[in-house]
Amino acid sequence: MNYILFGAGVTGKKALYFLNYQRVECFVKNGAQQGEIIEGKKVIPYSRMIHMNLTDYIIVIASEKYYMEMEEQLKRDDIKNYFIFQTNIWKEFYKNIPFYWIYRTQEWLTYVRLLSHYDIKTLKSAAVYGENEMLPYLISELLFQNPQLNIVEIISEKKTAKNCLGIPIVDLNQSNGMYECLIVNKRRNDQNTEFLESIVDKRIIDIYDIDCLEPRFEYKNLEMYRNIHKGKRCFIVGTGPSLTMEDLDTLYAHGEICLSVNKIYRCYGYTRWRANYVGATDPLVVADIIKDMEEGLELPQNLFIGDNNIHCEKNVIIENAQYFHLRVEDPVPNRPRFSSDITKGTYRGGTVTYDFGIQMAAYMGFSEIYLLGIDHDMRGNVGDDDSHFIKEYTHQSEKEKYNFRSGAFELATSAYEAAKIYSEKNGFRIYNATRGGNLNVFQRVNFDRLFIEN
């Protein structure tokens, strides 16, 4: 399997190097001269190309000015295995190619690298679900890795593709299901998740699913927390201004199990309450925790750190802390995913309450989760005294680096919605016991009434 570039001008040269020089057989142009060479590749006339065995090639129309006429030429000769190269391909590449974050470094996945994680050469037939501007390049790579692969159809919600290598384009209702494997080329959302979950008799390769790309980051030791508090209730304590010391004293007096976040321990000098579990994922916060550790401040007994940020602290490992993997995806326009297995990591939702708190609480088996001190109000700067429940939460020496506003309000709201949907499907409930604030996703309850004995 090789490419033939139909067009030998400036656009053709761009396509030559974008598509991988070694995979290009030759250029084709009308009126090519015998022995003509461009960029080390031979140039043959169109009249010669149509007598070749074209089943072994993918033809790429590479002309910004004449691509419509060239496409009509291929159609007249009943040639279907072609697509049109885009001159703005780099813009579409970064918009559509899957990516993920490792240690706060964005990793873009070419289809060559991505599909190498799967044994494509063993497949006999496949369908592709979802279309975008990079669809021809995805299909090309599938055929390069397995020239014998029969790509039966492209399943599209909008059916907007004009031509993609002559493969039939159908909508969800028209799919005949006569394929062995479904290649998912579309980020999951509320609409297509139901369709994908209905496919139970076929192999699914979801190219946007980073779960299959990061197995080396699993923390098997976290298995000990699975259902450790099954059937009980817990409180996830935030650090918003609505939280009071009296609230913490109430939790202490009633022996409530509490998960909390970030630098909650900086209030320990004012209360006997201690969080059972504390998590942090922000690199700035983790750096402060390390500084506090070095200065001898009392840290949480069970401290969890998102490992995506280890490098930001020059590889300082916090003694006795437990690490979990934070999977940083870009879910937009969908909601973040919710982890059912903390050993494989949690999903980023724009707030540590989601990144650690709610996903960890669900994994621990709590049947009732109450949110407290989670104001969901991001109007002020992160380091402002009135952004947290105690003035000493952000030290004076730290205020400069926290002199910004969080830009993740919409993402956090979407994450809370994802948590609510997951909880309703999996038999536990999440309530908002925060006084005031702007978090209206969950049913609100009165914190003080939770401790009135029936």
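The values are calculated or read from the model by the stated rules, or taken from the named source; none is laboratory data. Being a predicted model, the structure only gives us computed values, none of them experimental. Note: ideal-geometry Cβ built from the backbone for every residue, glycine included; neighbour counts use all protein chains shown. These area figures cover heavy atoms from the full protein model, side chains too; ligands, DNA and RNA do not enter into them. Shrake-Rupley method; radii C 1.70, N 1.55, O 1.52, S 1.80 Å.
Details
- Tabulated pairs, the range 390-401, first in a loop (DSSP other than H, G, I, E, B), second surrounded by 14 or more Cβ atoms within 10 Å (Cβ to Cβ) and of a type in the set (Gly, Ala, Ser), C-beta under 8 angstrom, 6+ apart or interchain: THR394/GLY383; THR394/SER387; LYS399/GLY383; GLU400/GLY383; LYS401/GLY383
- Scan of the range 255-306 for residues that are among the small types (Gly, Ala, Ser), touching a residue at least 40 places away in the same chain (Cβ under 8 Å) and farther than 20 Å from GLY365 by Cβ, ordered by number: ALA280, GLY306
- Residues that are of a type in the set (Ser, Thr, Tyr) and either part of a loop (DSSP other than H, G, I, E, B) or out of contact with any strand residue (DSSP E or B) (no Cβ under 6 Å at 6 or more places or on another chain) (or both) within the range 277-295 comprise just one, THR281.
- Residue in the range 340-361 that is farthest from ASN302 (Cα to Cα), counting only those that are open to solvent by 10 Å² or more (accessible area, probe 1.4 Å) and in contact with a helix residue (DSSP H, G or I) (Cβ under 6 Å, 6 or more places away or on another chain): GLY350
- Within the range 53-82, residues that are open to solvent by 80 Å² or more (accessible area, probe 1.4 Å) have Cβ atoms under 6 Å from residues that are part of a loop (DSSP other than H, G, I, E, B) and not aliphatic (A, V, I, L, M) in these pairs: GLU64/THR87; LYS80/GLY166, counting only partners at least 6 apart in sequence or on another chain.
- Single residue of GLU36, GLU25 found to be crowded, with 16+ Cβ neighbours inside 10 Å and acidic (Asp, Glu): GLU25
- Restricting attention to the range 42-100, the residues that are aromatic (Phe, Trp, Tyr) and within 17 Å of VAL24 (Cβ to Cβ) total 5.
- Every residue from the range 206-230 that is open to solvent by less than 60 Å² (accessible area, probe 1.4 Å) and at pLDDT 90 or above: LEU222, TYR225, HIS229
- Among the residues making up the range 412-432, those that are open to solvent by less than 30 Å² (accessible area, probe 1.4 Å) and in a helix (DSSP H, G or I) are ALA412, SER414, ALA415, TYR416, ALA418, ALA419, SER423.
- In the range 438-447, residue least open to solvent (accessible area, probe 1.4 Å) [restricted to those that are closer than 18 Å to ASP247 by Cα and touching a residue at least 24 places away in the same chain (Cβ under 8 Å)]: PHE447
- Criterion violated by ARG337 - all others in (1) open to solvent by 50 Å² or more (accessible area, probe 1.4 Å); (2) within 21 Å of TYR225 (Cβ to Cβ); (3) not in a loop (DSSP other than H, G, I, E, B) satisfied: (3)
- Among (1) modelled with pLDDT of 90 or more; (2) in a helix (DSSP H, G or I); (3) crowded, with 16+ Cβ neighbours inside 10 Å, the one test that PHE93 misses: (1)
- Taken together, the residues in the range 157-176 that are part of a loop (DSSP other than H, G, I, E, B), at pLDDT 85 or above and open to solvent by less than 30 Å² (accessible area, probe 1.4 Å) amount to 2.
- Hits in the range 225-247 (condition: within 23 Å of ASP377 (Cα to Cα), out of contact with any Leu (no Cβ under 9 Å at 6 or more places or on another chain), outside any loop (DSSP other than H, G, I, E, B) and in contact (Cβ under 8 Å) with a residue 24 or more places away in the chain): MET245
Table: residues versus (1) touching a strand residue (DSSP E or B) at 6+ places or on another chain (Cβ under 9 Å); (2) within 24 Å of GLU107 (Cα to Cα); (3) at pLDDT below 90.
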{"position": "ASN302", "(1), (2), (3)": "yes, no, no"}
{"position": "VAL316", "(1), (2), (3)": "no, yes, yes"}
{"position": "ASN320", "(1), (2), (3)": "yes, no, yes"}
{"position": "PRO331", "(1), (2), (3)": "yes, yes, yes"}
{"position": "SER339", "(1), (2), (3)": "yes, yes, no"}
{"position": "VAL352", "(1), (2), (3)": "yes, yes, no"}
{"position": "ALA361", "(1), (2), (3)": "yes, no, no"}
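- Of all residues in the range 390-400 being open to solvent by 30 Å² or more (accessible area, probe 1.4 Å) and not acidic (Asp, Glu), the one that is farthest from ILE289 (Cα to Cα): LYS391
- In this structure, LEU143 qualifies as of a type outside the set (D, E, K, R), surrounded by 14 or more Cβ atoms within 10 Å (Cβ to Cβ) and in contact (Cβ under 8 Å) with a residue 40 or more places away in the chain.
- Residue ID - surrounded by the most Cβ atoms within 10 Å (Cβ to Cβ), chosen from residues in the range 362-389 that are outside any loop (DSSP other than H, G, I, E, B) and not aromatic (Phe, Trp, Tyr): LEU371
- Count of residues meeting criterion [in a loop (DSSP other than H, G, I, E, B) and over 18 Å from ILE358 (Cα atoms)] in the range 248-276: 6
- Positions within the range 269-292 being open to solvent by 10 Å² or more (accessible area, probe 1.4 Å), at pLDDT 95 or above and either on the phi > 0 side of the Ramachandran plot or of a type in the set (Phe, Trp, Tyr) (or both), in sequence order: TYR277
- Within the range 111-151, the set of residues being closer than 14 Å to ASP206 by Cα, in contact with a helix residue (DSSP H, G or I) (Cβ under 9 Å, 6 or more places away or on another chain) and part of a loop (DSSP other than H, G, I, E, B) comprises SER116, HIS117, TYR118, GLY130.
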